[in-house]
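K.L.:
Here's a structure for you.
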Amino acid sequence: MAFVSNEEINDIRAKADIVSIIGSYIPLTQRGKNFIGVCPFHDDHSPSMSVSSEKQIYKCFACGATGNVFTFVSEFENVPFIEAVSIVANKCGVTLSESTYKSNVSNTFKEEHEIMALTQKFFLNNLRTDAGKIALEYLNKRGINDDIIKEFGIGLSLDSNDALYNLLTKKGYQNKTLNDLGLINTSNNHIYDMFTRRITFPLWDKDGNIVGFSARIYRNEKDVSKYMNSRESKLFKKGETLYNYHNAKDTAKREKQIIVVEGFMDAIRLSSVGIKNVVALQGTALTNDQINLLKKLRVKVILCLDNDNAGLLATISDGEELVKNNIETSVIRISGEKDPDEYILANGKEAFIQNMKEPLTFFDFKMNYLKQDKDLNNVSDLTAYINDVLKDLATNTDPILRELTLSKLSKDYNISLDVLKSKLNDLEPVQVTTKKEEPKKEKIKKDTYTIGSEKILYFMMNGEEYIKEYQKKLGFFSDSLYREIANEIVYFNENNKKITVADFITYVTSKEGIKDKVMEIVNDSVNDEITIAAMDEYIQAVSKIMTKNEIQRLKKLMKEELDVDKKMKLAMQIAELKKEDV
């Protein structure tokens, strides 16, 4: 919250329609005056999330998720609150002023990002000049049309050895910075461009900042590597990125799955035929950072690596790592072509989509893999296969999968189910978990005072007239947490000259002491009819209980008090309270 003023945040929130923003992430259907959708924050199988256009807040009736447009984006994108503010601002066409907001990354690497952006512009322009004619023809022959070129920022490095270097130094950038970014090299005291005579593909970080380039030859050049990639730098760490992640993540969340391929040309090809939820490893081995990026999406991963032995082994190792991280994983193994790029060119979009419709679960894929090079009519090979299956099964925590697999082995190979279970039990035991069920928010029964107090606080979040009614007829809560929330509501209203539930949620996001309780209050009361008459009833009920509790407290003090005068004062206080309570 330190980078953006409250006024600017509230202005963005007022301009951002929550139905439109949430609807860009999940399908919403109007039901009455609200909109409903499947909650993305738990394993929801029926629409449990309600979005209020009137109040500009959402709530899930199953898991209790509650908030405004910023909290939704923060949770869905798995980003800090301030980054969610920036995302919402971009979605509704609001430009945050540089004086009030700059991300830590852009502040730290401002110059480096400027250099990369200028380099990308240079490469893009080159492709549209006479010098880019042959490269453009090469791309078109490979089915890369103008739309794909634009979407993926494909460009061209020139035949000149120092064209980019000259451009960047004229702009005042230092040799050391350019060298650190991997844009230039030095040999025999001569400085030359890293990328020359190649088609260029920008590489992005998770937020869509250009951090490096991959460049491919397009003419018949001998003794030259087909691809050249940026070396690692302060911006670019290959193991920390997934190609196309920034473009694919929203579609992946909507479709609840993401396809992982090896090369960036595979990702480009899939995207070109309308399959947008795809990322590329730019290699074969998944790193922990890449796995964490995939985990943030909270979707199923479909591995579709190259159709060679390296791709097969990588599918096994990468799949095992994904499963270890509790990511639902499936596998597509294409046949006849080397990779998804060549497969689609040879067989068409529909053939690949058919493969997508029939992926193998990773476990089934692993079982098929374990059969390779084994003659299952041979007792020795069959024994080895079943032992391998049981070893793998022992690491799986799904009791249904374990039971079904044992039953299938027993039926297919005429082996006693008891023998298989005994063998499995002899292997290292794992903690078997039951199938995940939809979370059910356990309702704690609240007493009249708690219900009344929380309703009053919710009413106060809905407008100044309710705050004045509280101040006039109640004034305080005996509970310290409710007092703190009431004080914050009053302060917010005085500071901003108005109050809405959606804006107050933004305000309390950074206040850990009261945030959770405020969200709970909003979730419990969001559908209540807000009227002064209803509030007065709650105030009267709470006031009576507070008075009764105070009388009990004073009676206890009077009973323990030895001083006669003090006893009399306490008795008078009790009498006054009883009069008020009539």
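Quick note: the coordinates plus some simple rules give every number you see, no bench work behind them. Note that this is a predicted model, so its numbers are computed, not measured. We place every Cβ from the backbone using ideal geometry, glycine too, and count neighbours over all the protein chains shown.
K.L.:
Using the structure shown, list the pairs from Lys445/Lys472; Lys15/Lys206; Lys276/Lys300; Lys256/Lys371 with a Cα-Cα distance above 20 Å, or answer none.
P.N.:
Working: Lys445/Lys472 29 Å; Lys15/Lys206 26 Å; Lys276/Lys300 15 Å; Lys256/Lys371 31 Å.
Distance filter (> 20 Å) returns Lys445/Lys472; Lys15/Lys206; Lys256/Lys371.
K.L.:
Among the aspartates and glutamates, select those whose C-alpha is under 18 Å from the C-alpha of Lys374, and discard any that sit fewer than 8 residues away in the same chain.
P.N.:
Asp364, Asp388, Asp392, Asp412
K.L.:
Please compute the net charge surrounding Leu312, taking Lys and Arg as +1 and Asp and Glu as -1 over other residues with Cβ under 10 Å from its Cβ. If you can, show how the numbers build up before the last one.
P.N.:
Working: positive: Arg333; negative: Asp306, Asp308.
Computed value for this residue: -1.
K.L.:
Work from the charge dipole of the chain (Cβ charges, +1 for Lys and Arg, -1 for Asp and Glu, about the Cα centre) and give the residue of Leu417, Met356, Phe81 farthest towards its positive end.
P.N.:
Phe81
K.L.:
If you average the sequence gap of Cα pairs under 8 Å that are 6 or more apart and divide by the length of the range 373-426, what percent do you get for the contact order?
P.N.:
It rounds to 27 percent for the range 373-426.
K.L.:
Quick one: net charge around Lys256, please, counting Lys, Arg +1 and Asp, Glu -1 for every other residue with C-beta under 9 Å from its C-beta.
P.N.:
In short, +3.
K.L.:
Put +1 on the Cβ of every Lys and Arg and -1 on every Asp and Glu Cβ in the chain; which of Ala502, Phe476, Thr450 then has its Cα farthest towards the positive end of the dipole?
P.N.:
Phe476
K.L.:
Treating the beta-carbon of each Lys and Arg as +1 and of each Asp and Glu as -1, no other charges, what is the dipole magnitude of the chain about its Cα centre, to the nearest 20 debye?
P.N.:
The calculated dipole for the chain is roughly 640 debye.
K.L.:
What FRET efficiency, computed as 1/(1 + (r/R0)^6) with R0 = 45 Å and r the Cβ-Cβ distance, is obtained for Val564 and Ile451, rounded to the nearest 0.05?
P.N.:
Efficiency, rounded to the nearest 0.05: 0.65.
K.L.:
For Asn90 and Lys324, FRET efficiency with R0 = 51 Å and r from the beta-carbon atoms, rounded to 0.05? If you can, show how the numbers build up before the last one.
P.N.:
On the way: r = 35 Å, r/R0 = 0.69.
With R0 = 51 Å, the Cβ-Cβ based efficiency is 0.90.
K.L.:
Right, something else. What number, in percent, do you get for the relative contact order of the chain if the mean sequence gap of Cα pairs under 8 Å and at least 6 apart is divided by its residue count?
P.N.:
10 percent
K.L.:
Could you give the length gained on full extension between Ala310 and Asn189, defined as 0.36 nm per residue of separation minus the Cα-Cα distance, in nm?
P.N.:
Here the segment from Ala310 to Asn189 would lengthen by 39.5 nm.
K.L.:
Then there is this: Please list 462-474, 207-219 highest first by mean number of surrounding beta-carbon atoms within 10 Å per residue.
P.N.:
Numbers: 462-474: 16.3, 207-219: 18.5.
Result, highest mean Cβ count within 10 Å first: 207-219, 462-474.
K.L.:
Tally the DSSP beta bridges in the chain and give the antiparallel ones as a percent, rounded to 5.
P.N.:
Here the antiparallel bridges make up roughly 75 percent for the chain.
K.L.:
Mind sorting Val301, Val323 by how few other Cβ atoms lie within 10 Å of their own Cβ, fewest first?
P.N.:
The most exposed by this proxy come first: Val323, Val301.
K.L.:
Take the residue pairs Lys176/Lys237; Lys33/Lys517; Lys391/Lys421 and return only those whose Cα atoms are more than 23 Å apart.
P.N.:
Lys33/Lys517
K.L.:
So what is the calculated 222 nm ellipticity per residue for the chain, using -39500 (n - 2.57) for each DSSP H run with n of 4 or more, over all residues, to the nearest 500 deg cm²/dmol? All intermediate terms of the calculation are to be shown ahead of the outcome.
P.N.:
Numbers: 27 runs with 310 residues, N = 582.
That calculation yields -16500 deg cm²/dmol at 222 nm.
K.L.:
What list do you get for Phe477, Phe61, Phe459 if you sort them by fewest beta carbons within 10 Å?
P.N.:
Phe61, Phe477, Phe459
K.L.:
How far apart, in nanometres, would the label points at Asp364 and Phe81 be if each is projected 7 angstrom from Cα along the Cα-to-Cβ direction?
P.N.:
With each label placed 7 Å out from Cα toward Cβ, I get 4.5 nm.
K.L.:
Considering only Phe123, Asn185, Leu158, whose Cα is most displaced toward the positive end of the charge dipole of the range 107-236, charges sitting on Cβ of Lys, Arg (+1) and Asp, Glu (-1)?
P.N.:
Leu158
K.L.:
What lysines sit close enough to Lys567 to cross-link, taking a C-alpha to C-alpha distance under 23 Å and skipping anything fewer than 8 places away on the same chain?
P.N.:
Lys548, Lys555, Lys556, Lys559, Lys578, Lys579
K.L.:
Starting with the fewest neighbours, write out Leu554, Leu297 ranked by other beta-carbon atoms found within 10 Å of each beta-carbon.
P.N.:
Least crowded to most crowded, the residues run Leu554, Leu297.
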